[in-house]
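Comments concern the structure below.
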Amino acid sequence: MKLFIKGVIEVGIFIDDIPANLQGLLEIVGEDKFDQIVRYYGGEKVYIPTYNTLIKPSRNRDIIKRYNGVNAGILGREYNITANQVKRIANI
């Protein structure tokens with residue numbers, strides 16, 4: 001597969017030119033977005049948090065909103081955490 005990275009001069013870059021660990025990213029975001037990512041973050045070390053890390057603040061807000069003092073077990077099962085964790089989150 002040959003793709004083109006946009007620039008002043010169109011250059012042909014082959015999929016094999018892209019490091020194996022980034023080829024999945026190319027497939028997910030497509031050529032145009034991959035080009036933007038490479039230009040913006042090229043040479044940088046970029047940390048991508050896990051999905052659970054990203055959703056934790058939203059989860060915690062929901063727990064705080066829904067916790068009524070007696071439903072820690074129910075919320076814990078729903079969010080796959082312990083009742084004690086629910087109580088700690090709700091008391092922040």
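The values are calculated or read from the model by the stated rules, or taken from the named source; none is laboratory data. What you are looking at is a predicted structure, and each value in this text was computed from that prediction instead of being measured. Cβ atoms come from the backbone with ideal geometry, glycine included; neighbour counts cover every protein chain shown.
Quick notes on this structure:
- Qualifying residue in segment 71-81 (condition: farther than 21 Å from P19 by Cα, part of a loop (DSSP other than H, G, I, E, B) and either of a type in the set (S, T, Y) or touching a strand residue (DSSP E or B) at 6+ places or on another chain (Cβ under 6 Å) (or both)): no
- Within segment 44-92, the only residue that satisfies the criterion of being at positive phi and in contact with a helix residue (DSSP H, G or I) (Cβ under 9 Å, 6 or more places away or on another chain) is G69.
- Selection from segment 65-83 of residues that are polar (S, T, N, Q) and surrounded by 15 or more Cβ atoms within 10 Å (Cβ to Cβ): N71
- In this structure, Y41 does not satisfy being at pLDDT 95 or above, in contact with a helix residue (DSSP H, G or I) (Cβ under 7 Å, 6 or more places away or on another chain) and not small (G, A, S).
- Listed by first and then second residue, the pairs linking a residue in segment 33-51 that is free of Cβ contacts under 8 Å to residues at least 60 places away in the same chain to a residue that is of a type in the set (V, I, T) and surrounded by 10 or more Cβ atoms within 10 Å (Cβ to Cβ), with Cβ atoms under 8 Å apart and 6 or more places separating them unless they lie on different chains, are D35/I5; I37/V29; V38/I5.
- Residues of segment 27-70 that are in a loop (DSSP other than H, G, I, E, B) and more than 16 Å from the chain's Cα centre (by Cα): G42, G43, E44, Y67, N68, G69, V70.
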